[in-house]
Amino acid sequence: MHEENKAAANGCGKIRSGAQNGAALLALMEKTGYSMVQQNGQRKFGGPPPGWEGPPPPRGCEVFVGKIPRDMYEDELVPVFERAGKIYELRLMMEFSGKFIGVCVSLDNCRLFIGAIPKDKKKEEILNEMKKVTEGVVDVIVYPNATDKTKNRGFAFVEYESHRAAAMARRRLIPGTFQPWGHTIQVDWADPEKVVDEETMQRVKVLYVRNLMISTTEDKIKAEFNKFKPGVVERVKKLRDYAFVHFFHREDAVAAMSIMNGKCIDGASIEVTLAKPVNKESSWKQHFNGQISPSSENLLGFPNKEDATQKSLGKPASLSVRLNGQHSPSPPEVERSTYPIFPGIKLTPISMYSLKLSHFSSAVMHLDYFCHKNSWAPPEYCLYSTTSQDGKILLVYKVLISSIADDSQSYFMPEKLCTTVEDAKELAAQFTLLHL
């Protein structure tokens, strides 16, 4: 079989020489009037196109295309994508070959996660340090420590003016090349915040309250939020240093948010926002953006019919109920398929911590990843048992989380027992994630 036929059979088109490729690209530029420049490992076509007036397209107008054959270039790609509309910019990076391409909306992420930050550093210090070495810094988001409000939690989020600025900063901040305050920091893309449609948000009547003192009680929170209009709060659920305040009516929730945001309760200046009703699958991911999903009540321990029925019958709850008190917040959907290892496939050793959260399918793995991200010691699991009235051995794990930075320790233990070690460990990990 001739080389051209082989290439066609593999879905890669004809093989071209360097001269042929260069001529094809020059012809494309002459035809379209677009410019082409190569920088930072990518070749940029356009951006802006000739005759463009006004600002660049807003966020949400970019798509990511993966698995493009290695011998396919702009002269073949541009006509394909122009069928959908006028191209503002095309950035080409060669990846994979001989497969179907994949297309999805580009996340256009503008936020970086910075871990292993000294806990005594204030927002202004972190902001100034990031501005010294990276361009386009818009803001730094820092959360106070749950037990000591004078310290941060050992991580921050840096917001940049554009995805490009964030990408360039991520390269600049690679661990080992930059050590602020003499510390080796961790740098990664922040998981994008879940976007909830406006129509759904218009129905929300629950407030998410952050930065509370550990000692502040639910009764105290309810009393404070009832001050501006007595009797408007239905119930309060507090978890560690944050809480969810449920109102009978949405208009009261909106009014309370405006009045209470920035107020002091027990000496702590609180932040108040509308709770976002996101899917349960994304709840653990929200931990890595500085907040747990303020969404599902059943995730946070409110009783439901299924649990009440099981208790009234004296039967153990189903596995989904056992795992966190109500329906289990199943981890993000993970493709569980297997693929054959063909001869010649290159396998590269990697660390599990270089993967994305979507690669993990259990709370145990999420907790390990979370501890590593915050430069804490790996979680320690201590197993305890008791015997039920019918003679069954019931199990529960206590989880110890130790901070390497300041030698602090925290213990977490769910209030439910399991019949298997695997369920007990998964329950303990979920419980710990919900309270960190």
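The values are calculated or read from the model by the stated rules, or taken from the named source; none is laboratory data. Predicted, not measured: the structure shown is a model, and the values here were computed from it. We place every Cβ from the backbone using ideal geometry, glycine too, and count neighbours over all the protein chains shown. To get the accessible areas, we keep the full protein, side chains included, count just its heavy atoms, and leave off ligands, DNA and RNA. Shrake-Rupley method; radii C 1.70, N 1.55, O 1.52, S 1.80 Å.
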Somewhere in the stretch 216-230, is a residue assigned to a helix (DSSP H, G or I), touching a helix residue (DSSP H, G or I) at 6+ places or on another chain (Cβ under 9 Å) and among the aromatic types (Phe, Trp, Tyr)? yes
Does the stretch 146-154 contain at least one residue that is outside the structural domain of Asp241 (by the TED database), small (Gly, Ala, Ser) and either touching a helix residue (DSSP H, G or I) at 6+ places or on another chain (Cβ under 9 Å) or on the phi < 0 side of the Ramachandran plot (or both)? yes
I need a count of the residues in the stretch 109-141 that are in contact with a helix residue (DSSP H, G or I) (Cβ under 6 Å, 6 or more places away or on another chain), in a strand (DSSP E or B) and open to solvent by 10 Å² or more (accessible area, probe 1.4 Å). 1
Working only within the stretch 142-177, note down all residues that are assigned to a strand (DSSP E or B) and within 14 Å of Asn109 (Cβ to Cβ). Phe157, Val158, Glu159, Tyr160
Filter the stretch 236-270 for residues that are under 14 Å from Thr216 (Cα atoms) and free of Cβ contacts under 8 Å to residues at least 12 places away in the same chain and give the result. Cys264
Taking into account only those residues within the stretch 356-367 that are out of contact with any strand residue (DSSP E or B) (no Cβ under 9 Å at 6 or more places or on another chain) and part of a helix (DSSP H, G or I), which is nearest to Ala428 (Cα to Cα)? Ala363
State whether the residues of the stretch 186-203 include one that is part of a loop (DSSP other than H, G, I, E, B), touching a strand residue (DSSP E or B) at 6+ places or on another chain (Cβ under 9 Å) and without any contact (Cβ under 8 Å) to a residue 60 or more places away in the chain. no
Would you check which residues across the stretch 234-266 are closer than 25 Å to Ala146 by Cβ, open to solvent by 20 Å² or more (accessible area, probe 1.4 Å) and in a helix (DSSP H, G or I) and list them? Met257, Ile259
Any chance Asp219 is within 19 Å of Lys276 (Cβ to Cβ), acidic (Asp, Glu) and not assigned by the TED database to the domain that holds Pro144: no
Only residues that are over 23 Å from Met168 (Cβ atoms) and open to solvent by 60 Å² or more (accessible area, probe 1.4 Å): list them for the stretch 24-53, please. Leu26, Glu30, Lys31, Pro50, Gly51, Glu53
